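Peer 1: If you scroll down you'll find the structure; I have some questions about it.
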Amino acid sequence: MLDVLPIRAEFPILEQEVNGKPLIYFDNAASSQKPREVVEAIKRYYEHDHANVHRGVHHLSQRATDQFEAVRKKAQAFMNAAHDHEIIFTRGVTESINLIASSFGKTYIEEGDEILISAMEHHSNIVPWQMLCQEWGAELKVIPIDEEGNLIMERFDELLSGKTKLVAVNHVSNTLGTVNPIREIIEKAHKVAAAVLIDGAQSAPHIKIDVQDLDADFYCISSHKMYGPTGIGVLYGKEQWLNEMVPYHGGGEMIETVTFEETTYNGLPFKFEAGTPNIADTIAFGAAIDFIERIGIEVIAHWERELHNHAVAQMAEIEGMRFVGTAAEKAGVISFLVGDIHPYDLGAILDQQGIAVRTGHHCTQPLMDRYQIPGTVRASFAVYNTKQEVDDFVKALKKAVTLLS
Ligand code: C6P
């Protein structure tokens, strides 16, 4: 069993009371909290090392550049990318998907082409593809899901065709917790020469990512769900795609030469990194990767699974409990409703007891339509959560249900 208390002690924010009760933070799928070493990395950078990167010959600029580029190598190792120039820093998964939708669209998409997504995508993995389809006359197709929250793979097989240019699915659903069979999806998509983008927002904190082993074309992760700062993430892209695709943003850093008549572009990864990057948060993201690797991603996943099972077993006893998302392959996310109590009401009463959960549609409105529900309450776990917190949460939930029934 994981010795969780020393890990928990590394997170100063957890040592507070909310509404007179010790904070129980179960909103980790939205954004996880940051260990001291991540907070310290930001402070240290601004107090000692700040200068712009890749620009100056002076000492501070070189020091900042070295630290910044070291994180690219760290992220490369974390995802097992073949080259460090396949690691593009972005603001997070949303920006990464928009980058691909824009650059891939401009480079490859023609009228009549198809983009395939799934019914359990986050709005970030729906809207950019709708925009691409509108712009280029392509069509968006959707892989349906069954009642438990599994992709219906027979429908995927039927939807996949020579017209499919790109398949974009999440590795783990933020609302259902389903872990999707992305290896099979990638293999099948490649048979019709379609590229595959994996939205790894919810997998990166829990599952070992190996982009070479998966043969993923694009894989997106956000630091803030991985114990790191907000505003920084990684787009992994296979070298060949990134070399062929047109740039996303124009500006400094992404150019080789500029005249008023013509601009030539920089090589990878800088071609996709216009402007001054988010240096401090990138460096602190490196500290977050160190944190995950120090604990071990398998250890984290195992602990979260224990918390999940411990919670589900007790929650199932509550009358009227309905779990939304019950796939066999699941991460530490529990979406639920109780009777006809509105999720906001449950969330508000839990908050009064110091418990942070997310309520609503979780940026997956089409998924809510699929289940014909207004939203859910979602509890999601991280490595610093304890079984005692789960017990306290269940007790508070029972109290809330009694109050609202
Ligand atoms: N989901 C949640 O509470 P950004 O905001 O760009 O880092 O990530 C967007 C995103 C994309 N895909 C999935 C599967 C996600 O879960 C998220 C973020 C948060 O579920 C905030 S809406």
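Peer 1: Is it the case that some residue within the range 25-34 is acidic (D, E), closer than 25 Å to A331 by Cβ and either outside any loop (DSSP other than H, G, I, E, B) or open to solvent by 50 Å² or more (accessible area, probe 1.4 Å) (or both)?
Peer 2: Checked the range 25-34: at least one residue is acidic (D, E), closer than 25 Å to A331 by Cβ and either outside any loop (DSSP other than H, G, I, E, B) or open to solvent by 50 Å² or more (accessible area, probe 1.4 Å) (or both).
Peer 1: Looking only at residues that are polar (S, T, N, Q) and within 11 Å of the ligand (Cβ to nearest atom) in the range 345-373, which one is farthest from D391 (Cα to Cα)?
Peer 2: Ranking the candidates gives T364 first.
Peer 1: Looking at Y46 and the list (1) surrounded by 21 or more Cβ atoms within 10 Å (Cβ to Cβ); (2) farther than 13 Å from G286 by Cβ; (3) not assigned by TED's automatic domain parsing to the domain that holds P12, which single condition is not satisfied?
Peer 2: (1)
Peer 1: Just need a number here: residues in the range 157-176 that are in contact with a strand residue (DSSP E or B) (Cβ under 9 Å, 6 or more places away or on another chain) and away from the ligand (no atom under 11 Å from the Cβ).
Peer 2: Residues meeting the conditions: 8.
Peer 1: Go through (1) out of contact with any Cys (no Cβ under 9 Å at 6 or more places or on another chain); (2) open to solvent by less than 10 Å² (accessible area, probe 1.4 Å); (3) under 28 Å from M368 (Cα atoms) one by one and return the number of the condition L159 breaks.
Peer 2: (2)
Peer 1: Among residues belonging to the range 190-214 that are more than 15 Å from the chain's Cα centre (by Cα) and more than 21 Å from N98 (Cα to Cα), point out the one that is most open to solvent (accessible area, probe 1.4 Å).
Peer 2: The qualifying residue most open to solvent (accessible area, probe 1.4 Å) is K191.
Peer 1: Ok, one more. What pairs come up if the first residue lies in the range 180-208 and is hydroxyl-bearing (S, T, Y), the second is buried (at least 21 other Cβ atoms within 10 Å of the Cβ) and part of a loop (DSSP other than H, G, I, E, B), and their beta carbons are under 6 Å apart, counting only those six or more places apart or on different chains?
Peer 2: These pairs meet every condition: S203/H171.
Peer 1: Continuing with this model, one more query. Which residues, taken from the range 117-156, are open to solvent by less than 60 Å² (accessible area, probe 1.4 Å), more than 23 Å from V324 (Cβ to Cβ) and within 16 Å of the ligand (Cβ to nearest atom)?
Peer 2: P128, W129
Peer 1: Mind listing whichever residues of the range 342-375 are within 25 Å of the chain's Cα centre (by Cα), among the charged types (D, E, K, R) and assigned to a helix (DSSP H, G or I)?
Peer 2: Within the range 342-375, D351, D369, R370 qualify.
Residues checked against (1) of a type outside the set (K, R); (2) closer than 30 Å to P366 by Cα:
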{"position": "F68", "(1), (2)": "yes, no"}
{"position": "R72", "(1), (2)": "no, no"}
{"position": "A75", "(1), (2)": "yes, no"}
{"position": "G92", "(1), (2)": "yes, yes"}
{"position": "G112", "(1), (2)": "yes, yes"}
{"position": "M131", "(1), (2)": "yes, yes"}
{"position": "E135", "(1), (2)": "yes, yes"}
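Peer 1: Follow-up question, since we're still on this one. Looking at (1) of a type outside the set (V, I, T); (2) assigned to a loop (DSSP other than H, G, I, E, B); (3) under 26 Å from V142 (Cβ atoms); (4) more than 16 Å from the ligand (Cβ to nearest atom), find the lone condition where S203 falls short.
Peer 2: For S203, the exception is condition (4).
Peer 1: Mind checking whether some residue in the range 56-75 is within 16 Å of the ligand (Cβ to nearest atom), in a helix (DSSP H, G or I) and under 17 Å from Y236 (Cβ atoms)?
Peer 2: Looking through the range 56-75, at least one residue is within 16 Å of the ligand (Cβ to nearest atom), in a helix (DSSP H, G or I) and under 17 Å from Y236 (Cβ atoms).
Peer 1: Hey, any hits in the range 268-285 for a residue that's free of Cβ contacts under 8 Å to residues at least 12 places away in the same chain and either over 27 Å from N80 (Cβ atoms) or within 16 Å of the ligand (Cβ to nearest atom) (or both)?
Peer 2: No, there is no match, as no residue in the range 268-285 is free of Cβ contacts under 8 Å to residues at least 12 places away in the same chain and either over 27 Å from N80 (Cβ atoms) or within 16 Å of the ligand (Cβ to nearest atom) (or both).
Peer 1: Quick one: in the range 76-108, of everything that is of a type in the set (D, E, K, R) and within 13 Å of the ligand (Cβ to nearest atom), which residue is farthest from I198 (Cα to Cα)?
Peer 2: So, considering only residues that are of a type in the set (D, E, K, R) and within 13 Å of the ligand (Cβ to nearest atom), the one farthest from I198 (Cα to Cα) is R91.
Residues checked against (1) closer than 24 Å to L214 by Cβ; (2) among the hydrophobic types (A, V, I, L, M, F, W, C):
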{"position": "E69", "(1), (2)": "no, no"}
{"position": "F78", "(1), (2)": "yes, yes"}
{"position": "E86", "(1), (2)": "yes, no"}
{"position": "G92", "(1), (2)": "yes, no"}
{"position": "D113", "(1), (2)": "yes, no"}
{"position": "A119", "(1), (2)": "yes, yes"}
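The values are calculated or read from the model by the stated rules, or taken from the named source; none is laboratory data. Everything numeric here is computed off the predicted structure, so don't read it as measured data. Every residue, glycine as well, gets a Cβ built from its backbone with ideal geometry; the counts of neighbours run over all protein chains shown. These area figures cover heavy atoms from the full protein model, side chains too; ligands, DNA and RNA do not enter into them. Shrake-Rupley method; radii C 1.70, N 1.55, O 1.52, S 1.80 Å.
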